Each structure stands twice: as C-alpha cells, then as structure tokens.
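One structure is given below, encoded as structure tokens.
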Amino acid sequence: MQKEIRNTIDDFKKLKILVVGDAILDTYIYGTTDRICREAPVPVFNALEEKYSCGGAANTAINLANLGAETYYLTVLGKDSNANELLNVLQRNNVHTEYILRDKSRKTIAKKRVIALSNIILRLDEGTVSEISKNFENELVKKLLEINEFVHAILFSDYGFGVITDSLIHSLQRLIPGFQKPVLVDSKNLSRFKSIHPDAVKPNYEEALQLLNLSKIAKNNRSQQVMKNADTLLNKTGATNVVVTLDNDGVVLLRKGKKPYCVNCIPRDSKNTIGAGDTFISALTLAMATKLKMETCIEIASAAAAIVVQKDGTAGCSNLQLKSYFNSVPKYISNNEDLANTINELRKKGKKIVFTNGCFDLIHKGHVALLEKAREAGDVLIVGVNDDESVRKVKGADRPVNTLEDRITVLAGLQSIDFLISFAEEKPLELIKAVHPDVFIKGADYTETSIPEMPLLKKLGCQVKIISSQHHISTTDIIHRINDISDESEIKNELKKKGKMLPV
C-alpha cells in the first residue's frame, strides 16, 4: 500500500491545479533596536534585511507547486510595488501568474512585520479588502472558464478580502456542475459556498464551531464534538466531504451515510502549525484529483501537514519529503534510483545540498548540535549512515550497539535532517559521488588534512566545513561509562551475596 501511495504522490507532477482566492504579500523586516528616539520615547529600529513571502491563497498555490503540481493562480492584484514583489515570489516558486488580473484602483494586500531579536515589535497592514468591481468579477469568471479546460482540480481559497464575491459564487452555482473535476473550498466562512456543493471543504476547529454556533471544549474531546454534529456541518456547507482539522487531535472526515473517519496526523511535539492548513488542503486537492478513495486522500494530506509542523516558521512540504514519509522509515532513501531522482529534483530547484556522514550509534547532544549546524550551511541536509557491517569494520566487533534500522529511525526524528541514506563502505566515496554535495561537513575531531574523503571532495569542487563543538562527547565514552556502571553493579551484587559492603 505504501508503495502505491508513493507512486501516486509521484503522479502529482502530472497534474494541473487552479487556485482562486485572495493574495497577501508577507514582508519581514529584520533589524536591531539599541537606542531610544530623541523625538519620542520609542525605540529606533535599524533595518538590516527585508524578506518577502506569500500569504493567503498565494501561499496555497506555492504549496501545490512544492508538491509537484503545475499550478495556476487566479486573483486580482493592484498595480503597485507590492503586487510586483508578490508576483516575483510566485514565479520563483514555479506558480503560473499569467492569468492574474491587475486593477490600478486596488492596493495589493500586504502585511509588514518588523522584527528585532526574533520578536515582532510592529505589524503594518495595508491593501484593499473591499469586493472587486463587477468588471473584474466578469473577467475573473472568463479566466476561470478558460483555465478550467485543462486543469484537473479547482481550489477556492477564500480569506474574505474581496476576490471571491457573493456574485461570483452565484455565477459558479450554474457553472460548477459541468466542471466534472474535484472542486474544493477553504474559507473562513464556508456557508457562503453551500450553493455550489463543493466536493470537499476544510474547516479548522474554530471555523467548524462558527458553523455550529458552539463553544470550545477541552482538547481530546473535540473530535467527538465534531462527529456528533456531522449532519449539521454537511448541511451548512453543502459539501460531499467535510474535513475538519483539529491540530493535535488530528483530522475528522465526515460524509453523508458513512461513519466518520479519523486520522491522528500532527505529532504532539509539533514546532509550528502556521501554514499547515494550506499544506493540508493542497495535498488533499492533489490526492482527490488522482481519484483515490477519500480515506487515503486524508492520510496523504495528514502526512503533508505532519511534515510541515515539524519545521520552524511557515514552510511547505515537497513532493520528495511527502514520498519519503511513506517509506518504512520517514526520510530514509532506500535505493540508488530514489537517491538519483531526489538529487535531480533538488538540483532543478537550485537547492544547496549539504552532506555529512557517520555511524550515529548512540545519538547524543554532540550529534544533535553538529547536525543543526550542518543544516544551517545550506537548503537541504542529507546524512549518510554506516550500515552495521561497516560500523563493525570501523569501530570493532562489539559495535554497533544499535542496528541500522534503529539508528535511522532515531535520526529521522531530528528536524535538522531532510534525507537519510545508508552505505556499506568504510568511507562513503561512492555515496559522495552520487550526492555531489555543495557542502561537506565534518566534526571538530577532524582537520582538512585528516579527512579521508578530501581528494574526492577537492575533485568535485565541494566546499568543506569543519564544525567545532562545545560538547566534548563521544559514543565510545558513553559506552565505557555504561560498562563501568555495569561492572560496578556486578561487584556490588557479588559482595552483597557474600554479606560484604563496598568501602565508601
């Protein structure tokens, strides 16, 4: 079954998807505050760096593109600098922008966050949030019908900022029955879309409560509350499938005449749920477009969300990451063909690949610190892990303490690692050739002259970084300490049997 799911995820690359909805430009201005203004008792902010990303439906479009789909985005922007920046971000993320409409009377929605020492000290919001004009509404419908001819699914992502008007929904009411493809809706006000009878809607817990006019209850009981009100949610949304996302309580799928289907999708140690909803609805749209049964669609969408919440900040899930989730061990690349495909995909996207390797027999804080610093050296961290036989050759007959499967499973839980692959050599020369990393990482117990792979790394033109560590720990030392404790315990037991005590 998992192989079939991986093949289906690979088929996402054959799909064309249309996203319709409100766009937001997110701007992050990073800097420092180290003095007070003379004109007023406020801090002076020194701007050092400015970064742009997309929010709203634009972020959903990027999520679809990250998952491999050819993604078309339909919205109305202003003719201003914020619109230009937003288009640049979309194009860099391989989203088709040629159908986007520009209205000089509107101001593109933007949220600017001023950040000092990782803290947001100010947010500035601007942009037109009133409904688009009738002329642009008509133009939007024309573009939608044009794109509909060649896409496999349509996703309406409504943030209530004026692009999806009531009049537009009324037009869709007569058009959608002839579309013959999945139509999904993600909206803060799903009852607006009841008349178009979408194939699926995705309320979160708060949105579901709004539809039900109910109050929040304690966690762990929320899924029961949702399931008890299944008929009301189905009737108020007019949807064939209502998929309620409940963060740590997972996902509940509601359908008429069928028992609810529940998935525990988001790990309880999740780092951040920002953007997980956009990733979930994107993966759900693609899975439904492949005509999988709904239970499997929910499993795939839940996996994508689970991947995202393990990352810091707003982030998407790639096709490769989603496929690897359905390996026997997530993140583990089990064969050379999958490795080659992974590297090709990363190269196409211009990702900077970092590689390091080791036995990783007993994971300790020195390993964790090294891997975190390695991840900071590029966009993707691939870790090569010695198989059991090669560990024995390197470390001795009594090693490894943990099997390859155990070591891979533990490493897969680290946020810093993107992909894992094992190797049978004492030195991972063939693996390095296959990965051809941009950056090669070694710990502080090596020098450039003592790295055995250095001749190959120089030949490949790979940058080498030696990362110093404040944690002077080794697996061998840990094993020795365990053996010492074990020996002492045996002595105590022997003396106890003889009625003697160890000297203090």
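The values are calculated or read from the model by the stated rules, or taken from the named source; none is laboratory data. This is a predicted model, so every value here is computed, not measured. All Cβ positions, even for glycine, are placed from backbone atoms using ideal geometry, and neighbour counts span all protein chains on display.
Kindly state which helices (runs of 4 or more DSSP H) lie completely within the range 188-250 and contain at least 1 residues that are modelled with pLDDT under 95, more than 22 Å from G162 (Cα to Cα) and touching a Leu at 6+ places or on another chain (Cβ under 8 Å).
Details: elements: 205-212, 222-228, 230-237.
Filter on the range 188-250 gives 205-212, 222-228.
Tally the residues that are surrounded by 14 or more Cβ atoms within 10 Å (Cβ to Cβ), free of Cβ contacts under 8 Å to residues at least 40 places away in the same chain and either assigned to a helix (DSSP H, G or I) or of a type in the set (V, I, T) (or both), restricting the search to the range 124-137.
2
For the range 352-382, give me the residue count where each residue is among the β-branched types (V, I, T) and under 16 Å from R407 (Cβ atoms).
So the answer is 4.
Only one of these is without any contact (Cβ under 8 Å) to a residue 60 or more places away in the chain, more than 21 Å from L284 (Cα to Cα) and of a type in the set (V, I, T): T237, T232. Name it. Walk me through it before giving the result.
Working: T237 fails: more than 21 Å from L284 (Cα to Cα).
Exactly one of T237, T232 is without any contact (Cβ under 8 Å) to a residue 60 or more places away in the chain, more than 21 Å from L284 (Cα to Cα) and of a type in the set (V, I, T), namely T232.
Residue-wise test of (1) surrounded by fewer than 20 Cβ atoms within 10 Å (Cβ to Cβ); (2) farther than 21 Å from S334 by Cβ; (3) in the same structural domain as G413 (by TED's automatic domain parsing); (4) among the aromatic types (F, W, Y).
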{"position": "I353", "(1), (2), (3), (4)": "no, no, yes, no"}
{"position": "T356", "(1), (2), (3), (4)": "no, no, yes, no"}
{"position": "V368", "(1), (2), (3), (4)": "yes, yes, yes, no"}
{"position": "D387", "(1), (2), (3), (4)": "yes, no, yes, no"}
{"position": "V391", "(1), (2), (3), (4)": "no, no, yes, no"}
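Among the residues of the range 158-186, count how many are within 21 Å of S133 (Cβ to Cβ) and either in a helix (DSSP H, G or I) or not charged (D, E, K, R) (or both). Break it down into steps so the answer makes sense when it comes.
Within the range 158-186, the subset within 21 Å of S133 (Cβ to Cβ) is 158-173, 175.
After this cut, where a residue has to be either in a helix (DSSP H, G or I) or not charged (D, E, K, R) (or both) as well, the list is 159-173, 175.
So the answer is 16.
Search the range 301-336 for residues being within 11 Å of D418 (Cα to Cα) and of a type in the set (K, R), and hand back the single one that is modelled with the highest pLDDT.
Checking each candidate, the answer is K331.
Return the residue satisfying two criteria in turn: it lies in the range 195-239 and is of a type in the set (D, E, K, R) and over 26 Å from the mean Cα position of the chain (by Cα), and of such residues it is surrounded by the most Cβ atoms within 10 Å (Cβ to Cβ).
Checking each candidate, the answer is K236.
Just for the range 105-123: of the residues that are without any contact (Cβ under 8 Å) to a residue 60 or more places away in the chain and touching a helix residue (DSSP H, G or I) at 6+ places or on another chain (Cβ under 9 Å), which one is nearest to V44 (Cα to Cα)?
Among residues in the range 105-123 that are without any contact (Cβ under 8 Å) to a residue 60 or more places away in the chain and touching a helix residue (DSSP H, G or I) at 6+ places or on another chain (Cβ under 9 Å), the one nearest to V44 (Cα to Cα) is K107.
State all residues of the range 423-462 that are surrounded by 15 or more Cβ atoms within 10 Å (Cβ to Cβ), of a type in the set (D, E, K, R), over 18 Å from K393 (Cβ atoms) and more than 27 Å from the chain's Cα centre (by Cα); if no residue qualifies, say none.
Matches in the range 423-462: K442 only.
Sort out for me the strands (runs of 3 or more DSSP E) sitting completely within the range 1-95 that have 1 or more residues that are surrounded by fewer than 19 Cβ atoms within 10 Å (Cβ to Cβ) and hydroxyl-bearing (S, T, Y). Can you show your working first?
Numbers: elements: 16-21, 23-36, 43-56, 70-74.
Answer list for the range 1-95: 23-36, 43-56.
If you check E70 against the conditions, is it at pLDDT below 95 and assigned by TED's automatic domain parsing to the domain that holds I120? Walk me through it before giving the result.
Numbers: at pLDDT below 95: no; assigned by TED's automatic domain parsing to the domain that holds I120: yes.
No: the conditions fail for E70.
Residue by residue, here is whether (1) among the basic types (K, R); (2) free of Cβ contacts under 8 Å to residues at least 24 places away in the same chain; (3) closer than 22 Å to K365 by Cβ; (4) out of contact with any Cys (no Cβ under 7 Å at 6 or more places or on another chain) holds:
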site: A377; (1), (2), (3), (4): no, no, yes, yes
site: E389; (1), (2), (3), (4): no, no, no, yes
site: K395; (1), (2), (3), (4): yes, no, yes, no
site: R399; (1), (2), (3), (4): yes, no, yes, yes
site: N402; (1), (2), (3), (4): no, no, yes, yes
site: D406; (1), (2), (3), (4): no, yes, yes, yes
site: T409; (1), (2), (3), (4): no, no, yes, yes
site: A424; (1), (2), (3), (4): no, no, no, yes
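Look at the range 70-102 and say how many of its residues are under 21 Å from the mean Cα position of the chain (by Cα), under 18 Å from G127 (Cα atoms) and not hydrophobic (A, V, I, L, M, F, W, C).
0
Please specify each residue of the range 393-402 satisfying the condition of being surrounded by fewer than 16 Cβ atoms within 10 Å (Cβ to Cβ) and either within 19 Å of P452 (Cβ to Cβ) or at pLDDT 90 or above (or both).
Taking the range 393-402 and keeping what is surrounded by fewer than 16 Cβ atoms within 10 Å (Cβ to Cβ), we get 393-394, 396-398.
Across the range 393-402, the qualifying residues are K393, V394, G396.
With respect to D22, determine if the residue is at pLDDT below 90, assigned by TED's automatic domain parsing to the domain that holds L320, touching a strand residue (DSSP E or B) at 6+ places or on another chain (Cβ under 8 Å) and not aliphatic (A, V, I, L, M). Outline the logic, then answer.
On the way: at pLDDT below 90: no; assigned by TED's automatic domain parsing to the domain that holds L320: yes; touching a strand residue (DSSP E or B) at 6+ places or on another chain (Cβ under 8 Å): yes; not aliphatic (A, V, I, L, M): yes.
It is false that D22 is at pLDDT below 90, assigned by TED's automatic domain parsing to the domain that holds L320, touching a strand residue (DSSP E or B) at 6+ places or on another chain (Cβ under 8 Å) and not aliphatic (A, V, I, L, M).
With the requirement that a residue be among the acidic types (D, E) and in a helix (DSSP H, G or I), what does the range 377-399 give you?
From the range 377-399, those among the acidic types (D, E) are 379, 387-389, 398; that's our starting set.
Answer for the range 377-399, where residues must be among the acidic types (D, E) and in a helix (DSSP H, G or I): D388, E389.
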